[in-house]
Amino acid sequence: MGSSVNTMKSTLLVWDAVALIVGVVIGAGIFETPSLVAGNATNSTMALLMWLLGGGVSIVGALCYAELATTYPHPGGNYYYLQRAFGSSLAFLFAWARLAVIQTGSIVLLAFVFGDYASQLWRLGTYSASIYAAVAIALLTGLNILGVRLGKWTQNWLAAAQILGLILLIFFGLAFATPAAIATAPATTSSGNFGLAMVFVLLTYGGWNEAAYISAELRNVQQNMVRSLLWSIGIITTIYLLVNLAFLRGLGLAGMAESEALAAQLMRQSVGEPGAVFISLLVVVTTLCSTNATIFTGARTNYALGRDFPLFSFLGQWRMRGNTPAAALLVQGAIALLLVLLGTITRNGFETMVDYTAPVFWFFFLLTGVSLFVLRRRDRDVIRPFRVPLYPLIPLLFCVFCAYMLQSSLAYTGVGALVGVAVLLAGVPLLFIARFMRDHNSRRE
């Protein structure tokens, strides 16, 4: 696979990577989860501290990923780390899970939120949200197939619009929202459930690890990967804290916990009904930004899978015109469209996709953390441009957080989680077929 990496061009700069990471992380979550966090916080200070802790946890994970990504720059990201640490079988199952569960489920989750808010602006009939979701997936997949340059500029502009919109939300919330809501709200909203609240916080911070999948395309990756991760998480944490501060000022903790549409309610209170229209536009831009970034990074693992296993060789073709994995993007888009159909049938698109992806995601996230320990021991002579400080404490903390999230995602999700695990297990017979084909081809050679 080394030759495939060498043919790829390092075209991404630090701010391209920052736009990508910020775009992936700041998605629908910041408009959905603050009310759930508030409902499980005993006071406003605790709520804000949990959002700050979420940024700290993300930095701990980012330091681990920075070592892996700078030591082993590769378009396969997690796939390549798991392959080196645990062998091709586990890496295959991860790539299968990312293709069929993790990445495609995340794409569809975001696309459904886009569809829900776009439908508030212009409804397209009974299946409006599904139509918008399918069109968004098809359009953004097509843009990325045309070329990495067009894909990254689309991402940069969407990320800029996203950040600008959130800044306006923060401004109106802090400057114009009536703070009387705080005075009338009770001091506490519940007995508090710190663990459950952190599940929602860390879900909202999720996605910064996507930086691993652009490590082979990032210029001066040894220095720029660390910068990209730290800048991104710093920006994200600051925005999350300010958004929640605006919500608390305008609605109070109890008001946040009771609200079904936090941002719309805040803007309606601040500037009237036009505020609700504005926030719908903001969520549309935000989810488009996240969907584009998720499509961009997801195809890279599918490409790595195709390079290693003849069963999926059609995925391992890099289109030099446009510098993009076109076949991997097409297959990813097709699976995502099938999941849109599933969400349309169940009519619980967002919730179904959260349940579907979470346990499988955190299982492999935990294994990636463990791979750092394995590779430190196995590859003692490999040059590491960046080393995790306070090793092994920080990687151990990362693994503990991942194990906690895995347990929580199984405890708090529904039937969708069982479906996601079942799809992962369906990869086991595919693994045996893929290994047989690879071994057969090796003997023929």
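The values are calculated or read from the model by the stated rules, or taken from the named source; none is laboratory data. As the structure is a computational prediction, the values presented were derived from the model and not from experiment. A quick note on method: Cβ atoms are made from the backbone with ideal geometry, for glycine too, and the neighbour counts reach across all protein chains shown. The accessibility values were calculated without ligands, DNA or RNA, using every heavy atom of the protein model including side chains. Shrake-Rupley method; radii C 1.70, N 1.55, O 1.52, S 1.80 Å.
Pairs under 6 Å by beta carbon, first residue in contact (Cβ under 8 Å) with a residue 24 or more places away in the chain and more than 13 Å from Tyr65 (Cα to Cα) in the stretch 374-399, partner open to solvent by less than 70 Å² (accessible area, probe 1.4 Å) and of a type in the set (Val, Ile, Thr), six or more apart or different chains?
Pairs found: Leu397/Val60.
Can you find a residue that is crowded, with 22+ Cβ neighbours inside 10 Å, modelled with pLDDT under 90 and either β-branched (Val, Ile, Thr) or assigned to a loop (DSSP other than H, G, I, E, B) (or both) anywhere in the stretch 109-121?
First, the residues of the stretch 109-121 that are crowded, with 22+ Cβ neighbours inside 10 Å: 109-115, 117-118.
Keeping just the survivors that are modelled with pLDDT under 90 gives 109-115, 117-118.
Filter once more, keeping what is either β-branched (Val, Ile, Thr) or assigned to a loop (DSSP other than H, G, I, E, B) (or both): 113.
Within the stretch 109-121 (the criterion being crowded, with 22+ Cβ neighbours inside 10 Å, modelled with pLDDT under 90 and either β-branched (Val, Ile, Thr) or assigned to a loop (DSSP other than H, G, I, E, B) (or both)), the answer is yes, since at least one residue qualifies.
Residues being in contact (Cβ under 8 Å) with a residue 12 or more places away in the chain and open to solvent by 10 Å² or more (accessible area, probe 1.4 Å): count how many of those fall in the stretch 34-46. I'd like the intermediate steps shown before the answer.
Step one: filter the stretch 34-46 for residues in contact (Cβ under 8 Å) with a residue 12 or more places away in the chain, giving 34-44, 46.
Still in the list and also open to solvent by 10 Å² or more (accessible area, probe 1.4 Å): 35-36, 39-40, 42-44, 46.
Final tally of qualifying residues: 8.
Since Ala334 meets every condition but one in (1) modelled with pLDDT under 80; (2) open to solvent by 10 Å² or more (accessible area, probe 1.4 Å), which condition does it not meet?
Here Ala334 clears every test but (1).
Residue by residue through the stretch 414-438, note down the ones that are outside any helix (DSSP H, G or I) and either modelled with pLDDT of 90 or more or open to solvent by 70 Å² or more (accessible area, probe 1.4 Å) (or both).
At the first step, the residues of the stretch 414-438 found to be outside any helix (DSSP H, G or I) are 414, 426.
Once the filter is applied, which keeps residues that are outside any helix (DSSP H, G or I) and either modelled with pLDDT of 90 or more or open to solvent by 70 Å² or more (accessible area, probe 1.4 Å) (or both), the stretch 414-438 yields only Ala426.
If we scan the stretch 367-377, do we find a residue that is at pLDDT below 80, closer than 30 Å to Cys399 by Cα and not acidic (Asp, Glu)?
As a first pass, look at the stretch 367-377 and keep what is at pLDDT below 80: none.
No: the stretch 367-377 contains no residue that is at pLDDT below 80, closer than 30 Å to Cys399 by Cα and not acidic (Asp, Glu).
Give Leu241, Leu305, Leu282, Leu262 a once-over and let me know the one that is at pLDDT 85 or above and either within 30 Å of Ala134 (Cβ to Cβ) or open to solvent by 10 Å² or more (accessible area, probe 1.4 Å) (or both). Outline the logic, then answer.
On the way: Leu305 fails: at pLDDT 85 or above; Leu282 fails: at pLDDT 85 or above; Leu262 fails: at pLDDT 85 or above.
Within the list Leu241, Leu305, Leu282, Leu262, the selection yields Leu241.
When only residues in the stretch 266-279 that are farther than 18 Å from Ser119 by Cα and assigned to a helix (DSSP H, G or I) count, which is most open to solvent (accessible area, probe 1.4 Å)?
Restricting attention to the stretch 266-279, the residues satisfying the condition of being farther than 18 Å from Ser119 by Cα are 266-272.
Subsequent filtering for residues that are assigned to a helix (DSSP H, G or I) retains 266-271.
Values: Leu266: 0, Met267: 2, Arg268: 108, Gln269: 66, Ser270: 22, Val271: 63 Å².
Out of the qualifying residues, it is Arg268.
Suppose the filter is within 22 Å of the chain's Cα centre (by Cα) and among the aromatic types (Phe, Trp, Tyr); does Phe386 pass it?
Numbers: within 22 Å of the chain's Cα centre (by Cα): no; among the aromatic types (Phe, Trp, Tyr): yes.
No; evaluated as a whole, the condition is false for this residue.
For the stretch 165-182, enumerate the residues that are in contact with a helix residue (DSSP H, G or I) (Cβ under 8 Å, 6 or more places away or on another chain), modelled with pLDDT under 80 and open to solvent by 40 Å² or more (accessible area, probe 1.4 Å).
Phe176, Thr178, Pro179, Ile182
Between Pro395, Pro389, which is open to solvent by 40 Å² or more (accessible area, probe 1.4 Å) and farther than 30 Å from Phe112 by Cβ? Give the steps one after another, and end with the answer.
On the way: Pro395 fails: open to solvent by 40 Å² or more (accessible area, probe 1.4 Å).
The unique qualifying residue is Pro389.
Residue by residue, here is whether (1) part of a helix (DSSP H, G or I); (2) open to solvent by 10 Å² or more (accessible area, probe 1.4 Å); (3) in contact with a strand residue (DSSP E or B) (Cβ under 6 Å, 6 or more places away or on another chain); (4) touching a residue at least 24 places away in the same chain (Cβ under 8 Å) holds:
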residue	(1), (2), (3), (4)
Ala69	yes, no, no, yes
His74	no, no, no, yes
Arg84	yes, yes, no, yes
Ser89	yes, yes, no, yes
Trp96	yes, yes, no, yes
Ile137	yes, no, no, yes
